[in-house]
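Visitor: Mind looking over this structure? Questions follow.
We did not get these values from a lab; they are worked out from the coordinates using the rules stated. Since we're looking at a predicted model, the values are computed, not measured. With ideal geometry, Cβ positions are generated from the backbone for all residues, glycine too; neighbour counts draw on all protein chains shown.
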């Protein structure tokens, strides 16, 4: 039952990641996918192995990693914005060969 | 006997000379290199003479009850495979023929070394390039030839067979700047190599059945007992002939290539592009008799295979006539001499082939006469043919041309050369008391014993020999007054070149009196020989007829030869063009082999094999070109491909699971 929201969240994430041009929006989509996965962890842990807590801890772990990763990504995006004055992914072509 | 054990030195000195002159000689002045080469060869010659003398006349293990034994002073296992099942040895085998060959090779080689000091000193007035290289190659050749004759086994013989081929190649192509020399050396190498392929096949067949390479193991001491494996292999047949017959025929083809038997003779006339002393050493006296030596070495096997012997006999008799017919019309003196060499070697081959070894007395002569006669002729022929070639070299050196139209009337200018050449001609024509008379007489006797037809045929060729040799002689030294070209008239050459002529001329005078029948026979036992006066008289008579005819036609300038040439125009032209053998080969190689076989193979290689790999490359290339747009650098694009791929994979997995 909890898997349906997580599936929808993942689908939205993929769709957003592919279609959005704005890097911030892509980052948000990425986070959506990550959170969908986190939910899956928790759900499978709760229903399949109620005695164990590995899934829960893995979720916490993934949330922590995601936070760090978001911080890094935001930092990169801000720096790119400072240089290129834009955040659209298909307009930043300076580093192509 | 100590001295016989030192035979290995005879080989070691030329080998050392080759390495020394080849590596260090270039740094030394030319004269010194030459002198060192000559001195080294002199030592070798003295040693070889000592060994031969001790072998033939000394006391010791080599002669037991008047029978010459085969000695093996050196025997060294070189390679050993499969728990000694396949053993290749290198060694030294001394028996009458190898001792005789040591003398022949070292004598001629020494004379040629000495002669070359004069001949090679300048080339049309300029210092000869590669003088040191020349001497190094000569030493290499001498080493390989000596190694060939003392081989203890057939494999060692094959190795040295190839080595003489290589050194011959190097020396024919000595003037590598000249195109004909290059072609000639290639031709010589390829033709002899092709023949050696058959030799190798023959060796493989023979040693497969006899399980050994060693001559003594195969044939027994002194050819006494041929090993059982051989006689039992004779029972096996392949395509109607016994396997040993095949093996021996293949081995003979190898020998025929080296000895320029028809139809593998084509390389020898062209080999005359090399320096003349080289022609004297390699293409007249030594290397070309390697084939005869090979057959002589395996003689105890050949006598058991009458089929192989018949082939040799027919090939030899035909070649003798064929080459003599060509020699009658050649205008290049070296080529005429080359055809004469082919003819004389064919004499030796025929003589070997008509010999039978079963010890019966035929017509008052012991069988095995042909073998003795062949070796005798080999010995005398080496001497007088070397003499003739060296004379030719002196003449060429004097007039700077090979064509006898540029010579004529040289007798007045070059008396010593003229007399030496005359002696050589008399010797080869078989006029007593010169060397050729005795050996050729024995050969003719052996042929008449085989059959009247063989004898008459060979007598006719002997007459032709006399005719063409004197034709050359008269055309060079008489015919008409010499027209002096350039500022200086031709004259006798410096002493380095005349001394060898005189020495060889003396040998040609006396060599016939060597009691060969006592010394060199197939089984080491002395052979009773008598002068067969009717045959000897007849052969002298026919030789005199040949000489007389030559005298009438060529002594003084007259229109008779031209008249005859126009009368028999077709025949004359055919003979002058060597009966179109070269054209035939040209046709076979170019039109049939190159066009018919090589071209399709080349096409297959280019189109099918190369094409396949080109196709693979091109397909990959164009496929990559087609999909290169997918690598856009846009992460979103990649992700969409990834998603599509993952979904497809999931779909397939799902379908598979459902189906299962």
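Visitor: If I take R0 = 51 Å and measure r between the Cβ atoms of residue A:82 and residue B:660 in this structure, what FRET efficiency does the formula 1/(1 + (r/R0)^6) give, to the nearest 0.05?
Guide: 0.35
Visitor: What is the extension gain from residue B:78 to residue B:628, computed as 0.36 nm multiplied by their sequence separation minus the C-alpha to C-alpha distance, in nm to one decimal?
Guide: 191.8 nm
Visitor: Using only C-alpha atoms and all pairs of different ones, pull out the Kirkwood radius for the protein assembly as shown in Å with one decimal.
Guide: 31.2
Visitor: For chain B, what is the percent of antiparallel DSSP beta bridges, rounded to the nearest 5?
Guide: Just about 95 percent of them are antiparallel.
Visitor: If neighbour count is taken as other Cβ atoms inside 10 Å, put B:157, B:581 in order from fewest to most.
Guide: The most exposed by this proxy come first: B:581, B:157.
Visitor: If I model a spin label as a point 7 Å beyond the Cα along the Cα-Cβ vector, how far apart are those points for residue A:66 and residue B:556 in nm?
Guide: 12.9
Visitor: Partner chain Cβ atoms within 10 Å, averaged over the residues of B:434-446 - can you pull that number for me?
Guide: 0
Visitor: Compute log10 of I(q)/I(0) for region B:181-294 with the Debye formula, placing one identical point scatterer on every Cα and leaving out solvent, at q = 0.22 Å⁻¹, to two decimals.
Guide: Values returned for q = 0.22 Å⁻¹ are -1.11.
Visitor: What number, in nm² with one decimal, is the all-direction average of the projected area of the convex hull of the alpha-carbon atoms of region B:517-658?
Guide: For region B:517-658, the mean projected area of the Cα convex hull comes to 29.4 nm².
Visitor: If you wrap chain B's Cα atoms in a convex hull and average its projection over all directions, what's the area in nm²?
Guide: The Cα convex hull of chain B, projected and averaged over all directions, gives 44.0 nm².
Visitor: Modelling each spin label as a point 7 Å along the Cα-to-Cβ direction, I'd like the residue B:166/residue B:406 distance in nm, to one decimal.
Guide: Each label point is offset 7 Å from its Cα along the Cβ direction, giving 3.5 nm.
Visitor: Run the Debye formula on the Cα coordinates of region B:1-97, all scatterers equal and no solvent, and tell me log10 I(q)/I(0) at q = 0.15, 0.16, 0.20 1/Å.
Guide: -0.75, -0.81, -0.96
Visitor: Also, I was wondering about something else. Which peptide among B:90-97, B:623-630, B:594-601, B:278-285 comes first, and what is the full order, when sorted by highest mean count of other Cβ atoms within 10 Å?
Guide: The peptides rank, most packed first, as B:278-285, B:90-97, B:594-601, B:623-630.
Visitor: Tell me, what is the percent relative contact order of chain B, built from C-alpha pairs under 8 Å that lie six or more residues apart?
Guide: Relative contact order, chain B: 12 percent.
Visitor: Turning to a different aspect of this structure: I'd like the FRET efficiency for residue B:652 and residue B:606, computed as 1/(1 + (r/R0)^6) with the beta carbon distance as r and R0 of 56 Å, rounded to 0.05.
Guide: Computed FRET efficiency for residue B:652 and residue B:606: 0.80.
Visitor: Residues of B:629-639, mean number of Cβ from any other protein chain within 10 Å of their own Cβ, rounded to a whole number?
Guide: For peptide B:629-639, the averaged partner shielding equals 3.
Visitor: Now a separate question. Rounded to whole Å and ordered largest first, report the semi-axes of the equivalent ellipsoid of region A:39-96 derived from its Cα gyration tensor (root of 5λ).
Guide: 39, 11, 7
Visitor: Got the relative contact order for chain A handy, in percent, Cα pairs under 8 Å and 6 or more residues apart?
Guide: Normalised by residue count, the contact order of chain A is 27 percent.
Visitor: Using the alpha-carbon centroid of each, what span in Å lies between region B:612-647 and region B:44-116?
Guide: Here the answer is 75 Å between Cα centres.
Visitor: Can you tell me the convex hull volume per residue for region B:376-494, based on C-alpha atoms, in Å³ to the nearest whole number?
Guide: Here the figure is 98 Å³ per residue.
Visitor: Okay, next question. Sum -39500 (n - 2.57) across every DSSP H segment of at least 4 residues in chain B, then divide by the residue count to get the 222 nm mean residue ellipticity, nearest 500.
Guide: Taken over chain B, the calculation gives -21500 deg cm²/dmol.
Visitor: Here is a follow-up. When you count, for each residue, the other Cβ atoms within 10 Å and take the mean per peptide, how do B:384-396, B:160-172 rank with the highest first?
Guide: Top to bottom by mean Cβ count within 10 Å: B:384-396, B:160-172.
Visitor: Report the percentage of all Cα-Cα pairs in region A:3-84 whose separation exceeds 16 Å, rounded to a whole percent.
Guide: So the pairs more than 16 Å apart make up 58 percent of the total in region A:3-84.
Visitor: While we're on this one: Is any residue of region B:167-184 close enough, with backbone N under 19 Å, to a label point placed 7 angstrom from the Cα of residue B:332 along the Cα-Cβ axis, and if so, which?
Guide: From region B:167-184, the list is B:168-184.
Visitor: Using mean Cβ contacts within 10 Å as the protection proxy, how do B:605-611, B:432-438 order, highest first?
Guide: Ranked by mean Cβ neighbours within 10 Å, highest first: B:432-438, B:605-611.
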